[in-house]
Amino acid sequence: MALSPQELVDMLSGLSLFADLSRPQLEQVAHKMTEESYPVGQRILRQGFTGTGFYVILDGEVAIKIDSEEVARLQKGDFFGEMSILLGEPPVADVVTTRLLHVLHLGGPELEGFLRDHPQVMYRMLKAVALRLYNASRTRS
Amino acid sequence: MVVVGSGPGGLQTSYYLRHLGIDHAVISADPSPGGMFRRFPFFQRLLSWTKPYGPVPREDRFYQWFDWNSLLAEEPESKAIMPTLMDGSSSFPSRPEMELNLATYAQRTGLRVRYDCRWESTRRDGERFVLQTSDGEYRCQVAIFAVGIAEPYKPDTPGFEHVAHYADTRSPATYAGKRLFICGKENSGFELATGLLQWAQRIVLCSPRPAKLSVNTHSLLGVRARYIQPVEDQILGGGVFMLNASINRIERLGSGYRVLCSRSEGGPELAVDADEVIAATGFVCPLRDLPDLGVSVYGRSQLPSMTNYWESATLPGIYFAGTIGQGVSGMKKYGLPANSGAVHGARYNARTMVFHVAQRHFGVEQPRPVVEPSRLVEALLEEATHAPELWNQKSYLARSFSLDSGKGILDEGIVPLADFVDTEGSAAVAIAVETDDTGDIHPAVYVREQGRPAVETLLSSQPLHDFRTAEHRAQLSSLLSGVTAGAVR
């Protein structure tokens, strides 16, 4: 899926993570993050490996697997990789593509600065992580 | 087989196909070898070093780490051509020297290329591909496209149609006394700014995000040290300005231009007048009708989606070599990309891909020499210390050894690291060189037990990058003790 810079910014404006950003800020996000593509069956995050990144899905789908057991699927607009970076620990799950994947990628060391530059994105991320925790605790109880 | 392109990627691919005895044709729209180096870079020096006086003889494989610009060959007379053509004024070859290097390689290796033969369209005919060219049809089972990221790209923002692209840059003297506005803050923008520093009256560089500098990213990502002078001029208030802004539109203003932009940090629209505007906004892959045939592409450069062996992820049998290979991200640890967009990375990708294509499509197996168990640790540490493939393609290419209980330890050569760690095959070990977020360079060892995913272990760094120490030997021996037991029985 080849998007022109304008189309990419249009798409980002529709993702909840970036919903509070102005157009110039969205353009900056599009320049700060790099577009990547991965074939079906490839691991993007690897359980126990160092040096990971932060990813926002533009198209396609991934499965999250812990010890080879699938626990969730993520699609367009979802993001992953932030937990490992924020905690400074290798991922506790594999993230494997189940459909041809098109993502925006940010290297791990850049995430903190990125979130400080865009506190609106940090707030949206915080809400999403809180929702995950809430759902996980409801599932347990 | 057909290879399209006669730049470094096409030449390197053809060389190793011929080395393995695989019949193929090479076609090129150009009249002579060299690809992009027939024109670029404008300001006449490359960003890739060739250090004529390395610590090992030039025919030694390990010398390649000191010479990023020669293509690979097996015959002594075709190795390390670049340093023999440089005039000693810089460790960065000039563009004409690089073009001569590639022409000399093509001539010495006797590669046969059909020049002035333009690939025009592509279609399927059963299991085969048919390439329509200006010189008739070429039919093949496998096609490798090494056509570069060569088509100038300008965004569709209003007014960009009036301005020049980087590829249209004129001779420096014609910018004397002009107010110059450069759209883009990557290396091509800074190359122009550096080259025109002594000619332009004022230079504005503009893009939405601040410029990254390679000395800060600990990689070739970002503006290279060679082009850093405009940054210092900006700091000193010397007529260079860097705007973090997105361009809303560009208007004609007399014989010049008015650029209207929104600053990333907010505020009212800013108008900047300039005599010349140059769009250093990159290039796209000239893939012609391949997307219509099923090749999925992505990103601003319209790179193909590829597997770890540079095959189209959506159209099997179509491969890519040369700078297009940067579309395969690999492990990209800490966000640091490999050097697949440059000759010093792409030459190893091409060789690795050819070995894969030869085995998969033509049944040609590579020799896999047996390694004495007592030599394994030393072989791995020697690779981490010297192997140019590992140093040029950090966290991307690895040296691997299979640990098969029936066959002993076999040298599997250079493989894509992402493929190694994601393939749950037989027991094996691979070593790579990696850089972390502090810039620390160290070996990383990946051990795969039979039918299980690989496990990563980072070895410690060493101040002089020589990992053949007692500490490294002990660490690696302990790591391998369980997994090699089967192979040495």
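Nothing in this text is a laboratory measurement; each read-out follows from the coordinates by a stated rule. Computed from a predicted structure; not experimentally measured. Cβ coordinates were reconstructed from backbone atoms using ideal geometry, including for glycine residues, and neighbour counts include every protein chain displayed.
The HN-Hα couplings worked out from phi for the range A:46-53 by the Karplus form 6.51 cos²θ - 1.76 cosθ + 1.60 (θ = phi - 60°) are 10, 3, x, 9, 7, x, 7, x Hz, whole numbers, x standing for Gly and Pro. Take each peptide in A:16-23, B:416-423, B:326-333, B:69-76, count the other Cβ atoms within 10 Å of every residue, and average; sorted highest first, the result is B:326-333, B:416-423, B:69-76, A:16-23.
Would you mind checking the tilt of helix A:119-140 against the longest principal axis of the Cα atoms of chain A, expressed as 0 to 90 degrees and rounded to 10? In chain A, helix A:119-140 runs at an angle near 20 degrees to the longest axis.
State whether the range B:171-227 is rounded, prolate or oblate according to the following rule on the C-alpha gyration tensor (a ≥ b ≥ c being the square roots of its eigenvalues): a/c under 1.5 gives rounded; otherwise a/b larger than b/c gives prolate, and the remaining case gives oblate. Verdict is prolate for the range B:171-227. For the peptides B:228-239, B:344-355, A:64-75, residues were scored by their other Cβ atoms within 10 Å and the scores averaged per peptide; the highest-first order is B:344-355, B:228-239, A:64-75. Database remark: amide H of B:Leu243 closer than 5 angstrom to the amide H of B:Leu205, B:Cys206, B:Ser207 (H placed geometrically; neighbours at sequence offset of 5 or more, or on other chains; Pro and chain starts carry no H).
Rounded to the nearest Hz, the phi-derived 3J(HN,Hα) couplings of the range A:24-39 under the Karplus curve 6.51 cos²θ - 1.76 cosθ + 1.60 (θ = phi - 60°) are x, 5, 5, 5, 5, 4, 5, 7, 6, 9, 10, 7, 9, 9, 9, x, where x marks glycine and proline.
Working from Cα pairs under 8 Å separated by at least six residues, relative contact order for the range B:7-76 is 29 percent.
Summed over all non-identical Cα pairs, the Kirkwood treatment of the range A:97-141 gives a radius of 12.8 Å. Across the range B:23-30, coupling constants 3J(HN,Hα) worked out from phi with the 6.51/-1.76/1.60 Karplus curve, θ = phi - 60°, read 5, 7, 10, 10, 10, 8, 6, 6 Hz, and Gly and Pro carry x.
Of the residues B:Ala103, B:Ser90, B:Tyr63, the one whose Cα sits farthest toward the positive end of the charge dipole of the range B:58-105, with +1 on the Cβ of Lys and Arg and -1 on the Cβ of Asp and Glu, is B:Ser90. The trypsin sites (Lys or Arg not before Pro) found in the range B:102-200 that occupy coil by DSSP, while having at most 14 further C-beta atoms within 10 Å, are B:Arg112, B:Arg118, B:Arg170. Residues whose amide H comes within less than 5 Å of that of B:Arg224, counting only those at least five positions distant or on another chain, are B:Ser214 (H built at 1.01 Å from N in the peptide plane). As a rough guide to protection, the peptides B:196-205, B:9-18 ranked by mean Cβ packing within 10 Å, highest first, stand as B:9-18, B:196-205. How far is helix B:470-488 tilted off the main Cα axis of chain B, in degrees rounded to 10, range 0 to 90? Computed tilt is about 60 degrees.
For the range B:381-423, the relative contact order comes to 30 percent (Cα pairs under 8 Å, sequence separation of at least 6).
Would the range B:282-334 count as rounded, prolate or oblate if I go by the C-alpha gyration tensor, calling it rounded below 1.5 in a/c and otherwise prolate when a/b exceeds b/c, oblate otherwise? Judged from the Cα gyration tensor, the range B:282-334 comes out oblate (a/c at least 1.5, b/c at or above a/b). Based on C-alpha pairs under 8 angstrom that are at least 6 apart in sequence, the range B:299-359 has a relative contact order of 27 percent. If I model a spin label as a point 7 Å beyond the Cα along the Cα-Cβ vector, how far apart are those points for B:Val364 and B:Ala176 in nm? Going from the B:Val364 label point to the B:Ala176 one covers 5.6 nm. Translational diffusion coefficient of the range B:28-81 at 20 °C, 1.002 mPa s, Stokes-Einstein with Kirkwood Rh over Cα pairs, in µm²/s as a whole number. Taking Rh from Cα pairs, D becomes 168 µm²/s.
One quarter of the convex hull surface built on the alpha carbon atoms of the range B:395-489 amounts to 6.2 nm², the projected area averaged over directions.
Work out the P(r) tail for the protein assembly as shown: percent of alpha carbon pairs separated by more than 49 Å, whole number. When all Cα pairs of the protein assembly as shown are counted, 11 percent exceed 49 Å. Quick one: of B:Lys51/B:Lys212; A:Lys32/B:Lys212; A:Lys76/A:Lys127; B:Lys332/B:Lys394, which pairs are farther than 20 Å apart, Cα to Cα? Result: B:Lys51/B:Lys212 exceed 20 Å. All Cα-Cα separations within the range B:128-190 were binned at 5 Å from zero, giving a P(r) of 3, 11, 16, 17, 12, 8, 9, 11, 8, 4, 2, 0, each value a whole percent of the pairs.
Candidate cross-link partners of B:Lys154 among the lysines, defined by an alpha-carbon separation under 16 Å and a same-chain spacing of 8 or more, comprise B:Lys185. Look at the stretch B:300-307: the mean tally of other chain Cβ atoms within 10 Å of its residues' Cβ atoms is 5.
Taking a ≥ b ≥ c as the square roots of the eigenvalues of the alpha-carbon gyration tensor, chain B is classed prolate because a/c is 1.5 or more and a/b outweighs b/c.
Legend: mean number of C-beta atoms from other chains within 10 angstrom of residue C-beta atoms, peptide A:44-51, equals 6.
The amide H of B:Ser121, built 1.01 Å from its N in the peptide plane, has B:Gln132 as neighbours under 5 Å, considering only residues 5 or more places off or on other chains. Taking other C-beta atoms within 10 Å as the exposure proxy, B:Asp436, B:Asp273 rank B:Asp273, B:Asp436 from fewest upward. So what is log10(I(q)/I(0)) for the range B:196-338 at q = 0.11, 0.14, 0.16 1/Å, when the Debye sum runs over its Cα atoms only? Debye output, listed in q order: -0.62, -0.90, -1.02. Shielding by partners for peptide A:106-115, expressed as the average number of C-beta atoms from other protein chains within 10 Å of each residue's C-beta, is 3.
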